[in-house]
2 protein chains.
Amino acid sequence: MIDAATVLLDEQGEGGVTLRALAKATGVSAMAPYRHFPDKAALLGAVAEAGFAKLAAVLTEADRATPAKAALVAQGLAYFRFAQGHPAMFRLMFGGNPGCTVAPKEYGEAFAILTRRVASLAGGDAGPATLAAWGVVHGLSTLALDGKVPAEDDVVTAAMALVADGIARAQPSSL
Amino acid sequence: MIDAATVLLDEQGEGGVTLRALAKATGVSAMAPYRHFPDKAALLGAVAEAGFAKLAAVLTEADRATPAKAALVAQGLAYFRFAQGHPAMFRLMFGGNPGCTVAPKEYGEAFAILTRRVASLAGGDAGPATLAAWGVVHGLSTLALDGKVPAEDDVVTAAMALVADGIARAQPSSL
DNA sequence: GTCCTACTGTGTACAGTGTAAACAAGGAGA
DNA sequence: TCTCCTTGTTTACACTGTACACAGTAGGAC
């Protein structure tokens with residue numbers, strides 16, 4: 001059922017995921033999903049969790065690049081491409097729907113992969129640097145999805161390189 | 001009518017903006033909005049445009065800080081606070097709704113304010129640097145809205161300072 | 001003054017949505 | 001065999017966006 005919802009999400013966008021369409025896709029009556037999920041938000045939450053697992057896998061794969069800085073840039077690019085490849089899923093994962101909460105454990109795994117990589121570059125307190133790195137890829141990914149920024153790999157690569165450079169050097173002066 | 005929709009958006013969130021509720025708020029029949037907007041998406045588009053105008057005003061105000069680097073950080077902080085202060089509006093402005101398109105001219109104005117500031121810092125080709133700066137504040141803003149990152153000013157300030165530092169120095173080595 | 005036209009608003013109706021309630025089939029354990 | 005739990009179905013309801021036909025109201029032409 002989660003798989004069917006994922007397919008529906010990819011093919012028809014967020015608006016296409018209705019309980020009736022989902023029921024039809026799984027060959028079942030319209031009310032059957034309520035036996036497995038308390039409501040639609042819970043179902044979408046489960047779909048989003050599956051999406052985070054997939055994202056974590058993608059990031060892990062990208063993180064194999066060397067040296068460390070290239071691995072960070074590769075992670076950013078993989079994140080960006082995931083978003084462009086699965087726009088509706090990405091939007092669902094990141095707070096499109098109120099009430100559709102994802103357990104921190106789920107997105108925490110993807111976040112941990114990034115944190116480890118940044119820590120290997122920065123040393124010391126990597127918290128702000130990690131958030132900066134996450135922020136820039138996430139921001140460019142969503143802006144590109146909305147057409148406000150060109151959806152080109154170069155954009156992400158350049159921005160990530162800038163941030164990675166900033167991280168690798170000494171901590172910047174405050175302000 | 002756009003004002004009423006904005007109020008509804010701020011108070012009840014995105015889901016609360018229905019044509020019937022909007023009509024009731026303006027003391028008019030449910031179908032009256034269709035005399036002014038072809039459909040709901042167009043109405044929301046107009047609301048989003050008003051939001052971009054407000055955002056541009058906020059950024060202009062923040063950009064007065066000196067020196068230039070502080071102005072950039074202030075812009076980022078203002079952007080972030082705007083998002084936290086008007087979550088539903090912010091989500092609407094940035095691609096929540098398909099078909100609800102905002103003219104590039106509208107968000108371009110806000111973007112131009114940022115571009116000018118980055119150019120004053122970077123000199124030369126400020127394009128990638130501008131996108132990086134926009135990306136990081138936008139990313140942190142949306143992540144904070146979704147509760148995936150703490151909604152604290154310090155986070156944005158630190159990240160913006162890092163990016164601003166990266167911009168102010170020489171262009172980073174590619175990759 | 002009278003008519004025509006455009007604009008704005010109303011009322012009704014319909015399809016699609018999430019979901020609550022009552023009921024049915026089928027297997028597990030006593 | 002009887003009972004209960006899980007899963008699924010059917011029906012029904014409130015709410016949504018919106019298409020359609022109609023009404024009032026202002027301004028200009030004669």
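The values are calculated or read from the model by the stated rules, or taken from the named source; none is laboratory data. Values in this document were obtained by computation on a predicted structure and should not be read as measured data. Counting neighbours? That spans all protein chains shown, and the Cβs are built from the backbone with ideal geometry, glycine included. Protein only, heavy atoms only, side chains kept; ligands, DNA and RNA dropped before computing areas. Shrake-Rupley method; radii C 1.70, N 1.55, O 1.52, S 1.80 Å.
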Check: In the range A:1-26, what count of residues is obtained for those that are more than 12 Å from DNA strand D (Cβ to nearest atom), open to solvent by less than 70 Å² (accessible area, probe 1.4 Å) and part of a helix (DSSP H, G or I)?
Finding: 10
Checklist line | Checking A:Val155 against (1) among the β-branched types (Val, Ile, Thr); (2) farther than 22 Å from B:Lys148 by Cα; (3) modelled with pLDDT under 90, the condition it does not meet | finding: (3)
Check: Of everything in the range A:1-39 that's under 21 Å from the mean Cα position of the chain (by Cα) and of a type in the set (D, E, K, R), which residue is modelled with the lowest pLDDT?
Finding: A:Glu14
Next item on the list: Could you list, in sequence order, all residues of the range B:106-120 that are touching a residue at least 40 places away in the same chain (Cβ under 8 Å), more than 12 Å from B:Ala68 (Cβ to Cβ) and open to solvent by less than 50 Å² (accessible area, probe 1.4 Å)?
Entry: B:Glu106, B:Tyr107, B:Ala110, B:Ile113, B:Leu114
Item checked: Residue list for the range A:127-148, filter: at pLDDT below 90 and open to solvent by 10 Å² or more (accessible area, probe 1.4 Å) -> A:Gly127, A:Pro128, A:Asp146, A:Gly147, A:Lys148
Checklist line | Subset of the range B:74-84 [open to solvent by 20 Å² or more (accessible area, probe 1.4 Å) and over 20 Å from B:Thr6 (Cα atoms)] | finding: B:Ala74, B:Leu77
Next item on the list: Among the residues of the range A:27-71, write down those that are part of a helix (DSSP H, G or I) and within 15 Å of DNA strand D (Cβ to nearest atom).
Entry: A:Ala32, A:Pro33, A:Tyr34, A:Arg35, A:Lys40, A:Ala42, A:Leu43, A:Ala46
Item checked: Residue count, the range B:27-73 (criterion: within 11 Å of DNA strand C (Cβ to nearest atom) and open to solvent by less than 30 Å² (accessible area, probe 1.4 Å)) -> 2
